[in-house]
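Let me give you the structure first, and then I'll get to my questions.
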Ligand code: HEM
């Protein structure tokens, strides 16, 4: 990360010494790893709040403490726009991510109904069957491309089963998700157009599904949510489009990438795998530390009013990027942060965000992570990355990693 040369592009309230050249969609050093690349931004001496002229110009919160504080306070840091570039955020119509309390609260209740811990416990056996089938198919082969063969398939199959949607729609929906979380384009306007097309694609997809499930009984997530009430009234069709589309987007891209990051680390740390295999309870409790170590989301908040924060003047409408990687991997929050330490307590992170919008799907995400580890360890003996493996990392609103070839000696 360099101090940006183009300091003349900054608005007048941005001090020259806060300007750094950070492109969230093409981080410096990304070839070494997504988390490693974000960590370069947090080197000693970098202030809590820096500004980059990239992606339309925005602030970045660089410490865990600042990330946490901003997530927690919607009165100062609004969700009115959470995407970058800001132009793309204006085209983003998912519900309720762009609402602040109190408007947000009743929609959040509808989401929580479909994703509650009780609801997730109820579906655990079905989720386990999906994991077992996938792992059993690859176990005798002695190798897999984890990202394509498991991570991109498992959470999506789980989600489609819970939402009662046909599996053949998965490639189409996955393409739409990528258009939104890592939108192509050379300018903010081009990126906004890509995101808008993705958003419209989701709406067109869910529209007939919502109409068909309205007023029906059923225990799939979509039926539960479209038949919820908001402020004592059935949820509006327009709002239901945004709510169900968000559910698809959030369920399709996050766990997928988290699992691949986790598995690369495990393949390089057989001693940790041995520790997990030896203690069932430890394995069940390991999810929190895994989420801390492998955050994948970096979205934004919009400054709600002029204010001074951490020594800088913020203007209403300024955008602040919140890289969740810079909380879990901040040494001031967690000692030796790149190490997965199963005995770490307390565990400090913002991997699921914070405040009123804290991830509604975290119980599902946690269960998917644990079930994956349990079923993997049952059927796959000691494993490692294939010789010459070179995972390919991408940064964006949700980070991604491809090309994770794993090898093992099949059990005879
Ligand atoms: C490792 C996996 C996951 C990560 C890291 C993650 C991360 C996040 C983060 C950081 C937010 C906060 C957004 C904001 O404050 O603007 C969020 C919100 C949300 N997540 Fe997740 N998520 C994951 C999995 C899931 C899954 C599996 C689902 C469900 C299908 C889900 C559903 C949601 C929903 C609906 C929201 C919006 C909540 C609201 O606006 O009130 N997430 N997630």
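Rule-based calculations on the coordinates, nothing more; no lab input. Everything numeric in this text was worked out from a predicted model, so none of it was measured. Every residue, glycine among them, receives a Cβ derived from its backbone with ideal geometry; neighbour counts consider all protein chains shown.
What do you get for Rg/Rh over the range 288-334 if you use C-alpha atoms and the Kirkwood form of Rh?
Using Cα coordinates only, the ratio equals 1.10.
Can you give me the convex hull volume of the Cα atoms of the chain, divided per residue and expressed in Å³?
In the chain, the Cα hull volume divided by residue count equals 137 Å³.
Here is a further query. Could you give the radius of gyration (one decimal) and Dmax (whole number) of the Cα atoms in the range 104-186, in Å?
Taking only Cα atoms of the range 104-186, I get Rg and Dmax of 15.9, 49 Å.
Can you bin every Cα-Cα distance in the range 70-122 into 10 Å intervals starting at zero and give me the percent of pairs per bin, rounded to whole numbers?
Cα pair-distance distribution for the range 70-122, in percent: 23, 40, 29, 8, 0.
Hey, another quick one. Using all C-alpha to C-alpha distances in the range 330-412, build P(r) with 5 Å bins and read off the rounded percent in each one.
3, 10, 11, 16, 24, 20, 11, 4, 1, 0, 0
Right, something else. Express the relative contact order of the chain as a whole percentage, based on alpha carbon pairs under 8 Å and six or more residues apart in sequence.
Relative contact order of the chain: 26 percent.
Hey, if you drop one equal point scatterer on each alpha-carbon of the range 209-291 and run the Debye formula without solvent, what base-10 log of I(q)/I(0) do you get at q = 0.19 Å⁻¹?
For the range 209-291, the Cα-only Debye profile gives -0.82.
Using the alpha-carbon centroid of each, what span in Å lies between the range 28-56 and the range 307-346?
With the range 28-56 and the range 307-346 each reduced to a Cα centre, they are spaced 12 Å.
Kirkwood Rh over alpha-carbon pairs of the range 1-148, then Stokes-Einstein at 20 °C and 1.002 mPa s: what D in µm² s⁻¹, rounded to an integer?
It comes out at roughly 111 µm²/s.
If Rh is defined by the Kirkwood formula over all Cα pairs and Rg also comes from Cα, what ratio Rg/Rh do you get for the range 159-277?
Rg/Rh: 1.10.
Could you tell me what % of all Cα pairs in the range 198-349 have separations over 25 Å?
Pairs farther apart than 25 Å: 55 percent.
Simple spin-label model, 7 Å along Cα-to-Cβ: residue 124 to residue 169 in nm?
The two pseudo-label positions are separated by 2.9 nm.
Taking only the Cα atoms of the range 265-371, how large is their convex hull per residue, in Å³?
Normalising the Cα hull of the range 265-371 by residue number yields 121 Å³.
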